[in-house]
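For reference, the structure discussed in these notes is given below.
Quick note: the coordinates plus some simple rules give every number you see, no bench work behind them. This one's a predicted model, so the numbers in the text were calculated from it and none came from an experiment. Neighbour counts are summed over all protein chains in view; Cβ atoms, including those assigned to glycine, are modelled from backbone coordinates with ideal geometry.
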Amino acid sequence: MKCTDFPESIRPYVVPEVAGRYIYRCLGCQATFGVEELLYTCPQCGSVLMIRDEDWDRLKAIPGPTWRRIFDYRAMVTEPALKGIYRFHELLGSILPLDAVIYLGEGHTPVVQANAKMRDWVGRPFFFKNDGQNPSASFKDRGMASAFSYLNHLIKSQGLTQVLAVCASTGDTSAAAALYASYLVDGVTSAVLLPQGKVTPQQLSQPLGSGARVIEIPGVFDDCMKIVEYLAEHYPVALMNSKNAWRILGQESYSYEIAQAFDYEVADLVVTVPIGNAGNITAVMAGFLKLHDLGIITQLPWILGVQSHHADPVYRYYLEPDPQKREFRPVTVQPSVAQAAMIGNPVSMPRVVQLVEQFRSIAGDQAVQVVQVTEQEIMDAMLRANRNGHIACTQGGECLAGWRRAVADGAIPDGKVGVLDATAHALKFAIFQEKYFEDRFEPEFGVVPKEELRNRPVLVRPPQGVPCPVPGAGMDAESFRAFVTATGDAVASMLGLRK
Ligand SMILES: *Cc1c(COP(=O)(O)O)cnc(C)c1O
Ligand SMILES: [Zn+2]
């Protein structure tokens, strides 16, 4: 739809302007820094940073209901820069000129309602939001679109020529970083550090296909992260992990889209996310708080974080009800099918602590909860979801298992509706489905397949003596007919069909 076709009252707002005053704010010492330089941690105290718009209150001049109309009308705009996360430009990147925006098809992922069978299995209605339908097949594209658009802006405005983007990854961060880097101008290259043997073959193929330098490191993600942090401290590289606060901004779009998908009535929703490095839950909470602050939503939803018992530092932290007594302790992770969340020392923990406090002070203590689930529950839930029309990865299974656990624990009142994050596409994690179906899980996982959830291919051959096609060799018409008839009847008999 052309701008000139929008209602008069909306027209001035359809194409956003460059505005705002963005700064990094340290969560440790509260110091602030300009964003002209890429910073990942506070130069004074080493804590993590958040990006804040010092001019945020200007947005309050527009009433909440008007913002809703602006975002809804913007959904009809054909300008590529506004088709992805920057539909919400004012909320997550207002200092970016639209010509710096890199749009590869991210965002606006489908929200799919669970069928009656799944609803009854859980005891509450729910939806999956399929973030596996992003370009690199995980939600990480939201944050990368932001981080790389900003990098692109720096390159254009400061004339940078050689930029090396690096990240540590449990698989999906590297796939997304490599994809966005490959789209940028020559001179931008990417290198990804992966824990050897701890990413799936599909995830490994992604950065390779995008032309990134792929470096495997012995150990787990937490070890790779330390090396990348060392690189960012001592060498001129652009760090693309969620320590980079631009990643968080882009991932806030997930919350904005949920609000929009539910006509901005989110009070009954329980937005459920898996927690790994805790960037996603940070962004989700920050996003809803911003919407609330501008009156775009009038009540906050609830947030439910889910962790596996094999990687549960955030769950353990919140077990202590008294905030004064809570103490964060990193854990040593055990092998987890929710490999993308297999993180023992989440970088965004200080962000989580602050945002949970803020969120709870507005919406009550129950409004943010963290539950723990077993590896067995994760696998069973993922397979059950996908037998009912979904495309959930293991982390999506983790969400479903957590949502069901919270309902069973009595933590979710009647009337609440889950919105579960299927954070990646099922195909990226096909190897875990395969292990389940073939009963090949290593003992550390503790996963025992349930017969009713297993599925295997069956080879059907025609009876002895009936000719079979051989690749490359021809077959006479009569032999071929005999093959089709005999094999067709064998398939029919296997399926219990009668003529
Ligand atoms: C990165 C990732 C997670 C974990 O998200 P965090 O922001 O690290 O907490 C979960 N699921 C998938 C598929 C991921 O790629
Ligand atoms: Zn500081």
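The table that follows gives values for the structure above.
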| item | result |
| --- | --- |
| Residue within region 255-271 that is surrounded by fewer than 24 Cβ atoms within 10 Å (Cβ to Cβ) and farther than 22 Å from Lys129 by Cα present | no |
| Complete set of residues in region 9-64 that are within 16 Å of ligand 1 (Cβ to nearest atom) and not in a strand (DSSP E or B) | Tyr40 |
| The one condition in (1) within 16 Å of ligand 2 (Cβ to nearest atom); (2) touching a Ser or Thr at 6+ places or on another chain (Cβ under 8 Å); (3) in contact (Cβ under 8 Å) with a residue 60 or more places away in the chain that Val18 fails to fulfil | (1) |
| Strands (runs of 3 or more DSSP E) completely within region 132-248 that count 3 or more residues being of a type in the set (A, V, I, L, M, F, W, C) and in contact (Cβ under 8 Å) with a residue 60 or more places away in the chain | 163-168 |
| Any hit, region 180-196, residues being more than 23 Å from the chain's Cα centre (by Cα), of a type outside the set (Val, Ile, Thr) and surrounded by fewer than 21 Cβ atoms within 10 Å (Cβ to Cβ) | yes |
| Candidates Arg68, Arg52, filtered to the one that is of a type in the set (Lys, Arg), within 16 Å of ligand 2 (Cβ to nearest atom), within 24 Å of Tyr264 (Cβ to Cβ) and in contact (Cβ under 8 Å) with a residue 24 or more places away in the chain | Arg52 |
| Qualifying residue in region 125-135 (condition: at positive phi and within 13 Å of the chain's Cα centre (by Cα)) | no |
| Single unsatisfied condition, Thr374 versus (1) closer than 30 Å to Cys45 by Cβ; (2) surrounded by fewer than 21 Cβ atoms within 10 Å (Cβ to Cβ) | (1) |
